[in-house]
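One structure below.
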Amino acid sequence: YNPPYMPKPVSDASLFVPLGIDDLPTLRFDGDGEPEVLLGFVMQSYDGNSTRAWSWYSVATGGLTDASVDVDLPTDMWREAVVSSGQIEAIILVNGSVYRRGPDAWLSLGVNMLAVSQGPSALSGLGTTLRRKYLVSSGPDSSVFAIDLLKADSGLPAFFPKLEDLMMPRSGMPTTFDAEWVLKQSLERQTAALVHMKLEGPTALFAHPFADVTLRGVMVEPSTGCPQMVTVEDLKPRAFALTAHNRELFVSLRQGLPPIISLGGMELSGSELEPLLVKQHQSLSIVSFWHPALDDLVLLPAVIDGNAVSWMGTVSVPLTGGALDASAAALQPRIEGHRIESSSGYDLPVYLLLPGSGAEASALVVRVHDGPQQRDHWGADGIDAWLLSW
């Protein structure tokens, strides 16, 4: 491994792991069926500046193979990459430029405006992992599905929530509710949408007037790369199926749940859970459910064949801090979601957590979120449970 435009990684080079849409390392398999992991290195170049390189690491031999795909797209400029069928199919650079592998050459599909807003600073201070944020998957006909802001010329969204699915702000009901109204709200509020980037330009696939689409909230069909389902966080989380098959699948997920689910030693009623997302891991699927009292999701393993669901037990997949957060369910808190108008003229989501039925509130505690690009979520966590127990 020693491309002419990059120094060779050395023992003191910092290592990071680019993650896929499922937050797992990106893999491919060599001719012998041995796995190779996509890795990134941060090192000092010959002129003393910090530089990066992406490589395939062989688990069997420990060798490195340069991951570059084109001399005009050096890995030092990579921000995210999509791998399908063992090869890199799409790339987004630190300047926001999106490229897709074509039949004969790499094709430029335009610029991702969300990535542009971060610029090169997105890769400064890298930790051990590099999460994907914008590239969802490589689509058919040399296209890419991505998370981005909409433009006025993006066209009307093909999918959007129904009026009854929205938790409307104080401004009230729109006089006319349609795709044009959703697009206008998304443009004004700059909510991130699911877009389909093609050579002829991007089109809006799914947009929500008040909530951002995030990479973690998109379910993709592995064989085609096409999005099948989108979950967004309005005041409450809500899932939207993009195909008739997945609408039927959601019905099966609701109806076939075990009556009692165990989470961190707590028992939850299956009838209270609402399915949000399905992530497929080979033959096994992980189904994410929302519980109206909890901030964390409840994850259940299952085998899904068509619309037939077979649950692998009744114990939720453990999450970091999940056992502590689960204690909030036993307290049966009353939770209210509100929208408060900000100085910008738009509303902010605010949640009020009250003691369970029969208990009286004795003090008001304000929990402030982590920063201007963060937000709180519906439900109680372990800290809320501790406060409510007093």
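The values are calculated or read from the model by the stated rules, or taken from the named source; none is laboratory data. Please read these numbers as outputs of a predicted model, since none were measured by experiment. FYI the Cβ positions are ideal-geometry reconstructions off the backbone, even for glycines, and counts take in every protein chain you see. With ligands, DNA and RNA removed, areas are computed over all heavy atoms of the protein, side chains included. Shrake-Rupley method; radii C 1.70, N 1.55, O 1.52, S 1.80 Å.
Nearest 10 degrees is fine. How inclined is helix 244-255 to the longest principal axis of the chain, computing both from alpha carbons? Compared with the principal axis, the helix lies near 50 degrees. Looking at the chain, the accessible area is 51 square angstrom per residue; that uses a 1.4 Å probe and ignores ligands, DNA and RNA. Listed values for segment 273-286 are Karplus-derived 3J(HN,Hα) couplings in whole Hz (6.51 cos²θ - 1.76 cosθ + 1.60, θ = phi - 60°), namely 8, 10, x, 10, 7, 10, 10, 8, 10, 6, 7, 9, 10, 10, and x replaces Gly and Pro. Of all beta bridges that DSSP places with both ends in the chain, some 95 percent have antiparallel geometry. In a fully extended conformation the segment linking Leu163 and Ser223 would gain 18.4 nm over its present Cα-Cα distance, using 0.36 nm per residue.
The lysines within cross-link reach of Lys184, meaning a Cα-to-Cα straight distance under 19 Å and a gap of 8 or more places when in the same chain, are Lys151, Lys162.
Under 5 Å between amide hydrogens, built in the peptide plane, is the criterion, and for Ala193 it picks out Asp148, Leu149, Leu150, Val213 among residues at least 5 positions away or on other chains.
Could you give the dipole magnitude of the chain about its Cα centre, charging the beta-carbon of Lys and Arg +1 and that of Asp and Glu -1, in debye to the nearest 20? If you can, show how the numbers build up before the last one.
On the way: 25 positive and 44 negative charges, 69 e Å.
The calculated dipole for the chain is roughly 340 debye.
For the chain, relative contact order (Cα pairs under 8 Å, six or more residues apart, normalised by length) works out to 9 percent. Protection proxy ranking for 129-139, 352-362, using the average of other Cβ atoms within 10 Å per residue and placing the highest first: 129-139, 352-362.
The length gained on full extension between Ser342 and Leu354, counted as 0.36 nm times the residue separation minus their Cα-Cα distance, comes to 2.0 nm.
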